[in-house]
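Engineer: One structure coming up, written as structure tokens, with questions to follow.
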Amino acid sequence: MKKVLLAIIMAFATFYMLSLVSLAETENGIVYNISGGKAYITGYEGDAVELIIPDTLGNCPVTRIDAEAFYNCGSIESIVIPNSVENIGLDAFYNCRNLQDITIGNGIKVIGKDAFKYTGWVNNDSNWDNYCCYIGDYLVAANKELSGKVDIRAGTKVIGSGVFTDCKGL
């Protein structure tokens with residue numbers, strides 16, 4: 001009897017845990033999950049050179065690009081992130097060396113540490129202003145040689161997480 005009762009409890013626990021896990025879906029190479037009526041990009045399996053992230057996936061607004069979602073995607077040279085995205089995760093575009101053209105919508109509230117590290121954008125000197133690298137109105141990187149007072153460009157909406165971590169002179 002105890003074994004039967006234990007088996008029933010385990011079956012219910014397994015069913016409950018599986019109901020909490022959302023299965024990844026893919027659309028045009030973009031891997032995503034849906035939770036709470038929102039789509040979260042978790043990876044990329046495509047080879048597009050120009051990528052426009054849709055503002056909806058699976059009929060839900062895309063609100064987050066998770067950590068390492070586009071990590072080391074060598075094919076992408078241009079990306080457009082829609083206004084619906086509020087959060088770009090840690091290392092989201094890390095080592096996308098060919099990524100030269102980035103457009104970020106106006107919905108961003110959080111940019112994770114090193115989200116754009118080692119991209120073509122950050123490696124291009126013309127995208128730097130006073131030792132800081134901007135994508136539109138978003139400060140995404142700072143030169144570790146930065147010291148003294150920092151003048152953040154007027155109109156800056158978000159400063160990426162950990163941007164000044166390696167700036168020992170501040």
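Engineer: Measuring from label point to label point, each 7 Å out along Cα→Cβ, what is the ASN59 to ASP129 span in nm?
Structural biologist: Computed distance between label sites ASN59 and ASP129 equals 4.3 nm.
Engineer: So, one more: Please give the peptides 147-153, 90-96 ranked by average Cβ packing (other Cβ atoms within 10 Å per residue), highest first, as a rough proxy for protection. Don't jump to the answer; show the numbers that get you there.
Structural biologist: Numbers: 147-153: 10.6, 90-96: 22.3.
By packing density, highest mean first, the sequence is 90-96, 147-153.
Engineer: Which of the residue pairs LYS38/LYS117; LYS38/LYS157; LYS38/LYS113; LYS113/LYS144; LYS109/LYS144 have a Cα-Cα distance greater than 20 Å in the structure shown? List each step's numbers first, then the result.
Structural biologist: Details: LYS38/LYS117 27 Å; LYS38/LYS157 23 Å; LYS38/LYS113 23 Å; LYS113/LYS144 14 Å; LYS109/LYS144 24 Å.
With Cα atoms farther than 20 Å apart: LYS38/LYS117; LYS38/LYS157; LYS38/LYS113; LYS109/LYS144.
Engineer: Determine Rg/Rh for segment 55-117; Rg is computed over alpha-carbon atoms and Rh is the Kirkwood hydrodynamic estimate from the same atoms.
Structural biologist: Details: Rg = 11.1 Å, Rh = 11.6 Å.
Looking at segment 55-117, the ratio lands at 0.96.
Engineer: Report the percentage of all Cα-Cα pairs in the chain whose separation exceeds 23 Å, rounded to a whole percent.
Structural biologist: So the portion of pairs separated by more than 23 Å is 45 percent.
Engineer: Using Cα atoms only, what is the angle between the long axis of helix 2-20 and the major principal axis of the chain, expressed in degrees (0 to 90) to the nearest 10?
Structural biologist: Roughly 30 degrees, rounded to the nearest 10.
Engineer: Which length gain, in nm to one decimal place, applies between LEU170 and LYS149 when the Cα-Cα distance is subtracted from 0.36 nm times their residue separation?
Structural biologist: 6.8 nm
Bear in mind these aren't lab numbers, they're just calculated from the coordinates by the rules spelled out. Please read these numbers as outputs of a predicted model, since none were measured by experiment. Counting neighbours? That spans all protein chains shown, and the Cβs are built from the backbone with ideal geometry, glycine included.
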